[in-house]
Structure formats: C-alpha cells, structure tokens
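To start, the structure under review is shown below, and the notes come after it.
The values are calculated or read from the model by the stated rules, or taken from the named source; none is laboratory data. Everything numeric here is computed off the predicted structure, so don't read it as measured data. FYI the Cβ positions are ideal-geometry reconstructions off the backbone, even for glycines, and counts take in every protein chain you see.
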Amino acid sequence: MSIYYCDGKRLKFAVCSGTHWLTQNKEVVNSLNVFPIPDGDTGTNMSLTLQKVTEALENTSNDSLPYIAQTIANNSLLGARGSSGVILSQILQGLAEGIGDKLRIDSMDLAKSLKISSEKAYSSIDKPAEGTILTLLRETANSAVNLAHENKDIITILRDILETGEEVLIKTQNLLPELKKANVVDAGGQGLLFIIEGVLKAIDGDDTYLSKIYNPGISGKPHIEKTIIEEKYCLDFLLMEKVTEELNEKLKTFGSEVIIASSNNLLSCNTNKQDISKIHIHTNTPDKVIETVRHYGKVEQIKIEDMEAQHSEFVVDKAILAVVPGDGFGDIFKKLNVRTLAGGQTMNPSVAEIKSIIDSIKASTIFLLPNNGNIIAAAKKAGEHSNKKIHILSTKTIPEGISAVMAFSHETSVEENIERMESAINRVKSGEITKAVRDSKINGMEIKKGNYIGIYNDSIVNTGKKREQELLNLLKTMITDDDTIISIFYQSQDEDIESLCSNVGKAFPELDIETYYGGQPHYDYIISVE
C-alpha cells in the first residue's frame, strides 16, 4: 500500500490514530520518565495534550487541510500539559506552518514540515538538551527530507521516521548520563514514536510495528533513584500576548525548565485572531511568576502542581470492567487496560460472578460495560450490592464497549468520563452477521434456515446464502457519508483476512478497513462503523 498525498481527512485520521495508540501506551512512556525528576507523567501529559486535539477534530465537519492543521495546532497549544505537552504542541504548530494554505501535501511537504517542527521545538526551550525528544526530532526530520527527494510515498517516509527514531532513541542513553544510569531511553522521544507507530498501525494494519519500540536494546528494569526537587511547583498558564525578550529573561530568574510555545494565528479558525503564548516553568514561587507576567498581558488557565506530592502520592482510583465474548475480544480489552469477565449472548454471567470480580479489582470507582442488553440488569444488581462506586454504562454491543473505553481517561472526573463515554457509545454503529436457525418471515423477508442474516439496530435487515455478500449488504445499510472507518471482528482464526479486506475495500474505497480477531460464538462477524 502506498499513499502519495495527505488531505485534511487523512490528517485528521492520522492524528486521532496516533493519539489513541499513545494513550494506550502512556504508562510505558511514564515508566521511562526519570529525568529530570521521577514524576512519571510524560506519557500522561502528551496523551492529554493530544486528547484536547482529537476532541476538537471530532466536533468539526470542515475537512479542509489548512483548517484541520490549524485546529490541531491551536488545540494542542491550549491543551498542552507539562514540558512534554508544550514541546509536542510546538511540533504540531510546525506541522501547521509547513502545511500553510495547501489543500494537499506530498512526502516532501511532510518532511519539510517536520523540519520546521524541529526548529520551533528547539526555539521554545531556554536550554535545549541533546539526548531528548529534540534530538530525535531533528535527526528524523533530516532523514525524512533526504528520503523525500527520491521517494514520494508518505508511508515510506513515516516508516523511515520510525526506524530512524528507534536508532536515535537508543543513542539518547549516551547523550544523557542520567538516562544511562536509570537504564531507560528518553520518555518524550518514545512518546513521539508511539504516535508515529499508531499512524502506521491505523493506515495499513501491520502488526510488525506493535510493541517494537519500547526499551529497544536495553535489558533490565528502569532504575529510579530519589531525586531532590529544587523547584517544588510545576506551573502552566496562557499569556494572551507574545512573550517579549524582556519577559523571557525575567522568567528565567524564577526557576528552571522554562518552555514557551506560541502561535501568532492561534484563533485563525474563528473570526477573532490573537497572539497567545503557553508558558511552562518549574518554580518555588508560582504566585510571583503570575504577578510578574500579568504586567505583560492577560493570564488565563493557570495550573499549578506540587511535584513532590505528585511523586509520592500518585494513586489510580478508577478502573473499567467489561463483559466480553471470545478470547480475541478478551485480548483486545486487556490491551486497553480493562479487566474482563467472560460472557455474552447465551452465556450471561450471574450477579454473583459480576460482584466477585468487582470485589477483586483494586479501585474505588469502577465503570462497568455489560456489552449486551441481557447483561445490563445483572450488572446493575451487582453494582447495588458493592461497597464501591459502580457506574453502569448501558453498552449493548462490543463495538459500543470499545468506543466507551477509547473515550475514558484516568485524569478526567467521573462525571466527565461518563459524559465522554456515553457520547462515544452514541456515535458508533454496530451490526452482526450470523446464520438463521430456522425458517421464518420477518420484515417482509423470507428467511431460510442456514442462510446468513444481517442484523442492525436489533432488526434483521438482509438475508442470503453468501456470507460475504450479506456482510456487504449489511454495510451498505449501516454506512452514511459521515463515516470513515469500518471495523470487522471475525469469529474464526481461519478467516481469509486478506481476501475479506480486499473485497470490502473495493466496495467502500473511501473508508478505512480494520479487522480484528474476536473469537465470538454465534456471530461470523461483528461490525463497527464510525
């Protein structure tokens, strides 16, 4: 598979895919975060920064490339958290600048945009250090530009970024003694590669990219030593003006890790245009910093974190439990850090079984996904008899459950999580292909025993003798012009996936096709359309 151009729709899909994969692997990134302090939040901060972006992308119907690129840049800056989030926002700002007003970009445009991203990231930091995400960004950008002179395939460029990045990531240990001593690679660089990996995974579904990067060539576990934290507070805020050289010098006197990210066109997607700067600093006097900066302009979105408390008191208090049919679905949910309980159609777990696994989960708040209409009542009863805070999401299908999990965030409140998850549940469409067990007449259709039937919205919508044809017929009923992704969960590991993807892709060339082994009983295919 080759891709020779990227438009707004493809960029939106790529960023959302990279965000999802980074979010799934954020704890891997967090475990590497032992420099300059062992606060373990790089993965979380990068993930939350991108989630602000994906939320904005999901709420826009404008797919023009300049608009999408600027939306990404704007919201990454507004949502940037911590130094890693601010640097990531500058990378995306550079991408937007490289795109400019182009309606499509090619491989060279992409490579040059990455070069701009590198320059912006370096310029945003008071004292840029080699052996960090900056080094990885510069080296991958240089390699991409060289390759783009002779290769027009964007996927090839992305693969080169990933492979070059792996090599540079290993070298970060030799550039930063702190990394070598802790036996880890740079956390920010690893996070960036997870984003690229997620894009490639989504584009061509090649599992050779998965879990390939973590700790490459490094044996043993990370070694973390207690670090004396000289500046106690991590301060982030927005200044509704550009940072002058005078202010920049004053900020340096208040602490360290000063990072300034700015956009001179931040609100260009709206009628109001305004310069805005995102400022990150480690300091012992956050009040004095804010007091000083207010002389230079309006200050908004102030966020102060006590790094010592964050390091010593980090606790995960929320968990998700999902009822799943089939070993394939079990693996899918486990990879999403979800506890699972076997169950589904014709094998509904009892109240006692659900309560037993609830009691075994070490979390005070649990989001429970029944993933089947027949299990919701038992799930509610189990929740009523638990001492924990149980929130039942009325998921009636596996695709609804997966969408709910993808919308979940440990850093978000219970109420906001419920809102996000329910919104995701409402967006996804679910269908099934199975065999009729008897002759019948439904919705004017003559259904013969042994024939395949397509089910959508709890109704049989098509029937016939050929399984794959009925899958295509069902998809025609489900898909609208707003949909972009088809996910097919197949029952048997003997399925000819290459043929299936080819035939569905020919029928729906504008949509991206994803296939997963579900191992579910009774249903040949479970389908998700979004």
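In this structure, is Lys441 assigned to a loop (DSSP other than H, G, I, E, B) and more than 25 Å from Asn503 (Cα to Cα)? For Lys441, the condition - assigned to a loop (DSSP other than H, G, I, E, B) and more than 25 Å from Asn503 (Cα to Cα) - is not met.
Could we say that Asn451 is in contact (Cβ under 8 Å) with a residue 12 or more places away in the chain, of a type outside the set (A, V, I, L, M, F, W, C) and surrounded by 13 or more Cβ atoms within 10 Å (Cβ to Cβ) here? The answer is yes for Asn451.
Filtering the range 303-317 for residues that are of a type outside the set (Asp, Glu), out of contact with any Pro (no Cβ under 9 Å at 6 or more places or on another chain) and modelled with pLDDT of 85 or more leaves an empty set. Among residues of the range 426-478 being more than 35 Å from the chain's Cα centre (by Cα) and small (Gly, Ala, Ser), the one that is nearest to Val504 (Cα to Cα) is Gly464.
Each residue in the range 466-519 was checked for being hydrophobic (A, V, I, L, M, F, W, C) and part of a helix (DSSP H, G or I), and 10 pass.
Just one of the listed residues (Ile170, Ile155) is touching a residue at least 60 places away in the same chain (Cβ under 8 Å) and in a helix (DSSP H, G or I), namely Ile155. Number of residues in the range 389-436 that are in contact with a Ser or Thr (Cβ under 7 Å, 6 or more places away or on another chain) and of a type in the set (Ser, Thr, Tyr) equals 2. Quick one: which residue in Glu119, Glu178, Glu166, Glu225 is over 30 Å from Glu246 (Cβ atoms), among the acidic types (Asp, Glu) and modelled with pLDDT of 85 or more? None of the other options fit; the residue is Glu166. Restricting attention to the range 341-355 and to residues that are part of a helix (DSSP H, G or I) and crowded, with 16+ Cβ neighbours inside 10 Å, the residue that is modelled with the lowest pLDDT turns out to be Val351.
Of everything in the range 361-387 that is without any contact (Cβ under 8 Å) to a residue 12 or more places away in the chain and outside any loop (DSSP other than H, G, I, E, B), the residue that is nearest to Glu415 (Cα to Cα) is Glu384.
So that you can scan it fast, the table gives a plain yes or no per residue for (1) among the acidic types (Asp, Glu); (2) in the same structural domain as Leu500 (by TED's automatic domain parsing); (3) farther than 21 Å from Gly43 by Cβ; (4) in a helix (DSSP H, G or I):
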position: Lys396; (1), (2), (3), (4): no, no, yes, no
position: Pro399; (1), (2), (3), (4): no, no, yes, yes
position: Val405; (1), (2), (3), (4): no, no, no, yes
position: Ser409; (1), (2), (3), (4): no, no, no, no
position: Asn417; (1), (2), (3), (4): no, no, no, yes
position: Glu422; (1), (2), (3), (4): yes, no, yes, yes
position: Val437; (1), (2), (3), (4): no, yes, yes, no
position: Glu446; (1), (2), (3), (4): yes, yes, yes, no
position: Lys449; (1), (2), (3), (4): no, yes, yes, no
